[in-house]
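Please treat every number below as a calculation from the coordinates, not as lab data. These figures come from a predicted structure and were not determined experimentally. So basically every Cβ, Gly included, is an ideal-geometry build from the backbone, and we count neighbours across all protein chains shown.
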2 protein chains.
Amino acid sequence: MESVTEARLASALRLSVMRLSRRMRQERSSSLSPTQIATLATLERHGTMTLGELAAAERVQPPSMTRVIAFLSDAGLVSRSAHPTDGRQVIASLTPAGAALLASDRAQRDEWLAGRLAALSAEELATISHAAPILDALANS
Amino acid sequence: MESVTEARLASALRLSVMRLSRRMRQERSSSLSPTQIATLATLERHGTMTLGELAAAERVQPPSMTRVIAFLSDAGLVSRSAHPTDGRQVIASLTPAGAALLASDRAQRDEWLAGRLAALSAEELATISHAAPILDALANS
DNA sequence: TATTGTTATACTCTATAACTATA
DNA sequence: TATAGTTATAGAGTATAACAATA
């Protein structure tokens, strides 16, 4: 009856994860859109990237990434520079202000959740600690 | 050092949950928008509701819910009726077609996740089983 | 008057199509 | 010619403001 168990667990897990992600989304207080924040995070993770690479990473079309980068650049959160050898390409990288905003945004989000976690028992915290990497593996599988 | 542990766990859990929810969102193959699906699910959970109650439940403004219900009603997924005693209010309820679509949508979403769960060990499945209700409690806290 | 829902209008985010500049 | 990015334009989803109907 393994498959029955998995089907039921899948249903329960999906609902729980979606509810928690929705709640976390509501608790954010950033002035940037999800894609703008994600773009900053991707730049932090990968260092400098071309506009096309960023569009592929965020799964948006190039014109959309053009707008995202234009906004972030105007806000001083990323810098745009010409590619050293290919004049067609545009290189984007995180500015110190962008990195700082990302860190503060991240801390704000974590703050709400950390407060909730403080109300859990040690056993529940242990369960969550073990579950987090498993959820991560599921997301990447 | 309890708070340090919780802060780190909060960060890890938030990332894992967001990644998995994003992945699950990508795996959906519904023709309805997230809000439209959520509205059907809320109606299934609560039975008949007024348009104002639905707007509050989904955290959208009344005009937005007017549009959602108009679309779902045109599609035959919900029925609209007058309130028995208050002529201003509009009562919405799920039709059999709406319930069927919801069930099929849910099964489609569960299918992908169940397939991934099948690759986990018994111990990992047990961890996830215990974690799901805790995530739910976090979402509702 | 206050409340429920609708209509009118605008904004944000993203897409496709057409275009410019460089390879 | 092919490719990287931009500009022009359109569509989906949601919001606020103004309005109509009912309490």
_About the Cα centre, charge dipole magnitude for the range B:4-139 (Lys/Arg +1, Asp/Glu -1 at Cβ), debye_ = 420 debye
*asked:* I need the inter-copy label distances for residue B:53: point set 7 Å along Cα to C-beta, values in nm with one decimal, smallest first.
replied: 5.4
*Just tell me how shielded A:49-61 is by partners: mean number of partner chain Cβ atoms within 10 Å of each residue's Cβ, no decimals.*
0
*Per residue of A:119-127, what is the mean number of Cβ atoms on other protein chains within 10 angstrom of that residue's Cβ?*
4
*asked:* Given an 8 Å cut-off on Cα distances and at least 6 residues of separation, report the relative contact order of the range A:4-139 as a percent.
replied: 23 percent
*Debye intensity ratio in log₁₀ form over the Cα atoms of the range A:1-137, taken at each q of 0.20 Å⁻¹*: -1.17
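Go through A:126-133, A:70-77 and give me the packing order, highest mean Cβ count within 10 Å leading.
Values: A:126-133: 18.6, A:70-77: 15.8.
My ranking of the peptides, most packed first, is A:126-133, A:70-77.
Counting other C-beta atoms within 10 Å, and keeping those with at most 15, which DSSP coil trypsin sites (Lys or Arg not before Pro) do you find in the range B:15-123?
Passing sites in the range B:15-123 are B:28, B:59, B:88.
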*Using a 10 angstrom cutoff on alpha carbons, build the Gaussian network for chain B and name the most mobile of B:79, B:11, B:31.*
B:11
*asked:* Report the per residue volume, in Å³, of the convex hull enclosing the C-alpha atoms of the protein assembly as shown.
replied: 168 Å³
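Helix by helix, which DSSP H runs in chain B go 27 Å or more along their axis at the Cα atoms and have an average Kyte-Doolittle hydropathy of -1.0 or more?
Details: long enough: B:2-27 (37 Å, -0.47); B:96-117 (31 Å, -0.25); B:122-140 (28 Å, 0.57).
Correct list, ordered by number: B:2-27, B:96-117, B:122-140.
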*Approximate spin-label separation residue A:141-residue B:141, in nm, with each point projected 7 Å along Cα-to-Cβ*: 2.7 nm
